[in-house]
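Asker: Please find one structure pasted underneath; my questions will follow.
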Amino acid sequence: MKTIKELVKEVNSIIPAFKGIIDGEGRLIAGSLCKDKPPENNELYPICINDNLIYYLYCRGAIAEDTIELLKLAINSSLLNTSNKKSKVQIIKSLMDNEIDLISLEAAEELLLSKNSFTLMWIQINEDEELLNLHHVIKESFKGDGYSTVVATLQGILIFIEGHKSKEKLLSKGKSIRDTVNSELYIDLRIGISNKYSRLKDFKKYFLETKEIVELGGVFYPEEHIYFAEDLKVEKLLYAIPKELKEKIFIELFYKEIYYNIEEEMLKTISVFIDNNLSMRDTAKALFIHRNTLAYRLDKINKELGLDLRSFKDALIFKISWLLKKSVQ
Amino acid sequence: MASLTLKNIKKVYSGNVTAVQDFNLEIEDKEFIVLVGPSGCGKSTTLRMIAGLEEITEGELYIEELLVNDVAPKDRDIAMVFQNYALYPHMTVYDNMAFGLKLRKTPKTEINRRVREAAKILDIEELLDRKPKALSGGQRQRVALGRAIVREPKVFLMDEPLSNLDAKLRVLMRTEIAKLHHKLQTTFIYVTHDQTEAMTMGDRIVVMKDGVIHQVDTPLNLYNYPANVFVAGFIGSPQMNFIDGRIEKEADSLYFAFKDNRIKLSGEKAKILQSKAYENKEVIMGIRPEDIHNEKAIIEKHIDCTVEGKIEVSELMGAEVYLYLKVGDQSVTARVGANTKAQPDSIVRLALDPEKIHIFDKESELAIF
């Protein structure tokens, strides 16, 4: 869908007499006002949206009636689209603040849940002074995709994504946002992506949970920047345990000097081995090492930590103890 | 234009995850340097530290002799092009290139000058009024490069910018970027996991693994004189063959022996091994597929350097054939002429070029030669 400015420009290039659109108070919405020309040649043709928003087509001289009707239709549809977008942003802001009554909630669901479900994407940066520019970049990146509404807040940007989008698509969008912001604004960001929801009733809760994903990701995986709620379930559980209790559990169950002084190579081997579902073949390939070298390293880990990572139980113990350690730190 | 110095750079994330360590590198002004290595080797982290997008945990980074560890990314005079670039769908090519400058409140006349100059360099002047959807993949990639060029930076940082393109376009854009470097005469730092990209584009290549530099050299030197088994295996396609074996002495000669095979080593190479006391020691022998020959004349010439193998698969590549063989219990790949008559399941004799043999220490995996 074309923006109203683009549409006006295009119509003007075909019908030069058509100059633009003004609102009920005479403010220019799109086009030019030709202030230097005598006003008596100006023609105004009213158009209404949602029965209450009145705009005028502003022309220099009369235009054929049929042409005006066609113009009204095209511009009406473009203005309606803009108006809906504005409403969506306002409604999402109200939902974020939990300031919406039941009747409005029903209307909001009609407007925002036409595709039955939605996902939230929360973008957070450290440099507050770049928030406005970030908003510009994100808005332009999503413009006209037909499924996203970008909402700026004082802490970051929320994107309301209508309908079902696959994890790959969301990840690809997240990467694209990050790379674009990195290269345009020279700042880094973290992105949290929520689960899929189908109701707006608990929107504030969903919003806060999406914000929390970024916090969780930062604690457990600071080297990464895009986090999915569905990947951080265990981390969320561990993070919710009070700090003192976490420390107690860690010391009682898992504490060994080795956990604090674990060699880099060993740690990477374990991490890649667990990420590759304990597959010797895939891990050796991912680490660019021979399978025998991997076997040697796993034996060494077994000797030092007392955990045979080839068994699911021991791998789970290591994973939890390692996450607890990160969480405690 | 700028030179860069990275001194003892280290990156450690919380939780003691070391991404990069002991990174020392001098990058010359106008140099095209490529950081290459497998996924997770720290190449992107290094590039992001240069950009200022990642904090440097330890070490010093100088751009033109100025310590920039604490200089904000936007003040480092760099421009970046990343893998997942996205053009703004509703903006024209002109506006896509101008957008970053507009955000930085650059005067309109200056924006206009820079966009038109960049468009001229990239040969996309006639596309300035088009929207991204009306562009081909290659044209979009050029616009993405244009967004970086309009910054007029001292250093270009590129992180896998061609990875999302199809194979044909990737080859084309490789040449375009090399040409661009030539035109701009600016320092380029380029990250890729693709060794072919690295070999064809870089003045020098930095090979990384596990956050550590394994070798820095020109493409040709890396290929001919790899510092260790990892570099030897990573650079070159099909990759170098590695065979575990032992150095044995008979009469005055040294041999590389494995299973029932013995390869006589040339006098010069034997001398090096003797001087380093490798007699009767386990080593790894490396030989590139193109240094294994099946022509009768070469076999006769190097009769002491031949092995017998059973062909498992034969792949015709057009101008050449890749033979995948079993020599004893070792898998070996040979790259021979397309006129070979060798068929799968047949036994063939092959000669190893004695001058092209590499020997690596079994434990450290470092190259002896």
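Asker: Under a point-charge model restricted to the Cβ atoms of Lys and Arg (+1) and Asp and Glu (-1), what is the dipole moment magnitude of the stretch A:88-232 relative to its Cα centre, in debye to the nearest 20?
Answerer: Dipole size: approximately 520 debye.
Asker: Can you list the residues of the stretch B:278-306 with backbone N under 17 Å from a point 7 Å past the Cα of B:Ala251, pointing along Cα to Cβ?
Answerer: Output list for this probe position: B:301-306.
Asker: For the stretch A:123-145 and the stretch A:276-329, compute the distance between their C-alpha centroids and round to whole Å.
Answerer: Rounded to whole Å, the Cα centres lie 40 Å apart.
Asker: Also, I was wondering about something else. For the pair B:Glu110 and A:Arg199, what calculated FRET efficiency results from E = 1/(1 + (r/R0)^6), where r is the Cβ-Cβ distance and R0 = 41 Å, to the nearest 0.05?
Answerer: Once the sixth-power term is evaluated, E becomes 0.20.
Asker: In whole Å, what is the distance between the alpha-carbon centres of the stretch B:5-78 and the stretch B:223-255?
Answerer: A separation of 32 Å, based on Cα centres.
Asker: Same structure again: What whole-number value in Å² describes the accessible area per residue of the protein assembly as shown for a 1.4 Å probe? Before the final figure, lay out the partial values.
Answerer: On the way: 34180 Å² over 698 residues.
Accessible area per residue: 49 Å².
Asker: Report the GluC sites (Glu not before Pro) located in the stretch B:275-369 that are in a DSSP loop and have at most 14 other Cβ atoms inside 10 Å of their Cβ, or state none.
Answerer: Sparse-neighbourhood loop GluC sites (Glu not before Pro): B:Glu279, B:Glu295, B:Glu363.
Asker: For A:Glu6, A:Glu130, write out the residues from largest to smallest accessible area, computed with a 1.4 angstrom probe and no ligands counted.
Answerer: If we order A:Glu6, A:Glu130 from most to least accessible, we get A:Glu6, A:Glu130.
Asker: Follow-up question, since we're still on this one. What residues from the stretch B:303-340 fall in the zone where the backbone N is under 18 Å from a label point 7 Å along the Cα-to-C-beta line of A:Ala295?
Answerer: B:329-331, by backbone N distance to the label point.
Asker: Percent antiparallel among DSSP beta bridges with both residues in the protein assembly as shown, to the nearest 5? Numbers along the way, then the final one.
Answerer: Numbers: 96 of 118 bridges.
Percent antiparallel among DSSP bridges in the protein assembly as shown is about 80.
Asker: Can I ask one more? Note every residue of the stretch A:183-205 with a reduction of at least 20 square angstrom in accessible area, all protein chains present versus the isolated chain, computed with a 1.4 Å probe, or write none.
Answerer: Residues meeting the cut-off: A:Ser183, A:Glu184, A:Leu185, A:Tyr186, A:Asp188.
Asker: Here is a further query. Could you order A:Ser77, B:Ser39 so the one with the most accessible surface comes first? Probe is 1.4 Å. Kindly include the intermediate steps, with their values, before the conclusion.
Answerer: On the way: A:Ser77 50, B:Ser39 100 Å².
Final ranking, largest accessible area leading: B:Ser39, A:Ser77.
Asker: Then there is this: I'd like the trypsin sites (Lys or Arg not before Pro) in the stretch B:332-369 restricted to DSSP loop residues with at most 11 other Cβ atoms within 10 Å, sorted by number.
Answerer: Here the sparse-neighbourhood loop sites are B:Lys341.
Asker: State, in square angstrom and to the nearest 100, the accessible area buried between chains B and A, both chains counted, probe radius 1.4 Å.
Answerer: Working: alone 18290 and 19060 Å², together 34180 Å².
Counting protein atoms only, the buried area is about 3200 Å².
Asker: Same structure, new question: For the protein assembly as shown, what does the alpha-carbon gyration tensor say about shape, rounded, prolate or oblate, given a ≥ b ≥ c as the root eigenvalues, a/c under 1.5 as rounded, and a/b over b/c as prolate?
Answerer: Values: a/c = 2.48, a/b = 1.73, b/c = 1.44.
It is prolate, given that a/c is not under 1.5 and a/b is the larger ratio.
Asker: Express in % the proportion of alpha carbon pairs of the stretch B:211-308 at distances exceeding 21 Å. Could the numbers behind the result be given before it?
Answerer: On the way: 2029 of 4753 pairs.
Of all Cα-Cα pairs in the stretch B:211-308, 43 percent lie more than 21 Å apart.
Asker: If one computes P(r) from the Cα atoms of the stretch B:81-167, what percent of pairs lie at distances over 15 Å?
Answerer: 55 percent
Asker: With each pseudo-label sitting 7 Å past Cα toward Cβ, what's the B:Tyr225-A:Leu131 distance in nm, one decimal?
Answerer: Placing both labels 7 Å beyond Cα along the Cβ direction yields 5.7 nm.
Asker: Count the DSSP beta bridges whose two residues both fall in chain B, then state the antiparallel fraction as a percent rounded to the nearest 5. Write out the running numbers ahead of the final one.
Answerer: Numbers: 61 of 80 bridges.
Just about 75 percent of them are antiparallel.
Asker: Turning to a different aspect of this structure: Over chain B, with every protein chain in place, what whole percent of the accessible area is carbon and sulfur at 1.4 Å, could you tell me?
Answerer: Heavy-atom surface of chain B belonging to carbon and sulfur, 1.4 Å probe: 47 percent.
Asker: Please report the net charge: other residues with Cβ closer than 11 Å to the Cβ of B:Val207, K and R +1, D and E -1.
Answerer: Counting the neighbours of B:Val207, the net charge comes to +2.
Asker: Moving on to the next point. Can you tell me the 0 to 90 degree angle between the C-alpha axis of helix B:167-184 and the longest principal axis of chain B, rounded to 10?
Answerer: 60 degrees
Asker: Enter the angle in degrees (range 0 to 90, nearest 10) between the Cα long axis of helix B:93-103 and the first principal axis of the Cα atoms of chain B, meaning the one along which they spread out most.
Answerer: Here the helix axis deviates by roughly 70 degrees.
Asker: Sticking with this one: Please arrange B:Arg130, B:Arg170, B:Arg147 by accessible surface area, largest first, computed with a 1.4 Å probe and ligands excluded.
Answerer: Result of the area sort, largest leading: B:Arg130, B:Arg170, B:Arg147.
Asker: Taking the Cα centre of each part, how many Å lie between the stretch B:119-150 and the stretch A:156-212?
Answerer: 29 Å
Asker: Ratio of the stretch B:2-234's C-alpha Rg to 2.2 N^0.38 Å, to two decimals?
Answerer: 1.02
Asker: Something else: Under a Cβ-only charge scheme (Lys and Arg +1, Asp and Glu -1), can you give me the dipole magnitude of the protein assembly as shown about the Cα centre, in debye to the nearest 20? Numbers along the way, then the final one.
Answerer: Values: 97 positive and 105 negative charges, 215 e Å.
Once rounded to the nearest 20, the dipole reads 1040 debye.
Asker: Ok, one more. Taking chain A as a Gaussian network, Cα atoms linked when under 10 Å apart, which of A:Leu134, A:Leu120, A:Leu73 shows the biggest mean-square fluctuation?
Answerer: A:Leu73
Asker: Moving on. To test your reading of the geometry: what angle, between 0 and 90 degrees and rounded to tens, separates the Cα axis of helix A:102-112 from the longest principal axis of chain A?
Answerer: For A:102-112 against chain A, the angle is about 90 degrees.
Asker: B:Ser237 to A:Arg27: FRET efficiency via 1/(1 + (r/R0)^6), r the Cβ-Cβ distance, R0 56 Å, to the nearest 0.05?
Answerer: 0.30
Asker: Which residue, chosen from A:Leu278, A:Ile15, A:Cys59, occupies the Cα position most advanced towards the positive end of the dipole of chain A, where the dipole is computed from +1 (Lys, Arg) and -1 (Asp, Glu) charges on Cβ about the Cα centre?
Answerer: Among A:Leu278, A:Ile15, A:Cys59, the one farthest towards the positive end of the dipole of chain A is A:Leu278.
Asker: Please compute the net charge surrounding B:Ser163, taking Lys and Arg as +1 and Asp and Glu as -1 over other residues with Cβ under 13 Å from its Cβ.
Answerer: My count for the surroundings of B:Ser163 gives -2.
Asker: Same structure again: How far apart, in nanometres, would the label points at B:Glu60 and A:Glu10 be if each is projected 7 angstrom from Cα along the Cα-to-Cβ direction?
Answerer: 5.8 nm
Asker: Evaluated at 37 °C with a viscosity of 0.692 mPa s, what Stokes-Einstein diffusion coefficient in µm²/s does chain A have when Rh comes from the Kirkwood expression over alpha-carbon pairs?
Answerer: 136 µm²/s
Asker: Can I ask one more? Given labels modelled 7 Å from the Cα in the Cβ direction, how far is it in nm from B:Ser346 to B:Leu316?
Answerer: Distance between label points: 1.4 nm.
Asker: Going through the stretch B:69-128, which trypsin sites (Lys or Arg not before Pro) have at most 14 other Cβ atoms within 10 Å and a DSSP loop state?
Answerer: The qualifying sites are B:Arg104, B:Lys105.
Asker: Dipole magnitude of the stretch A:241-328 about its Cα centre, charges +1 at Lys/Arg Cβ and -1 at Asp/Glu Cβ only, in debye to the nearest 20?
Answerer: Numbers: 16 positive and 13 negative charges, 44 e Å.
For the stretch A:241-328, the charge dipole is close to 220 debye.
Asker: Of B:Leu61, B:Ala2, B:Ala86, which is farthest on the positive side of the dipole of the stretch B:1-154, counting Cα position, with +1 on Lys and Arg Cβ, -1 on Asp and Glu Cβ, and the Cα centre as origin?
Answerer: Sorting the options by dipole projection puts first B:Ala86.
Asker: For the stretch A:241-328, take N as its residue count and report Rg(C-alpha) divided by 2.2 N^0.38 Å. Let's see the in-between values first.
Answerer: Values: Rg = 13.5 Å, N = 88, 2.2 N^0.38 = 12.1 Å.
Computed over Cα atoms of the stretch A:241-328, the ratio equals 1.12.
The values are calculated or read from the model by the stated rules, or taken from the named source; none is laboratory data. Keep in mind it's a predicted model, so treat the numbers as computed, not measured. Positions of Cβ are generated from backbone atoms using ideal geometry, with glycine treated the same way; all protein chains shown enter the neighbour counts. SASA here: full protein model, heavy atoms, side chains in, ligands and nucleic acids out. Shrake-Rupley method; radii C 1.70, N 1.55, O 1.52, S 1.80 Å.
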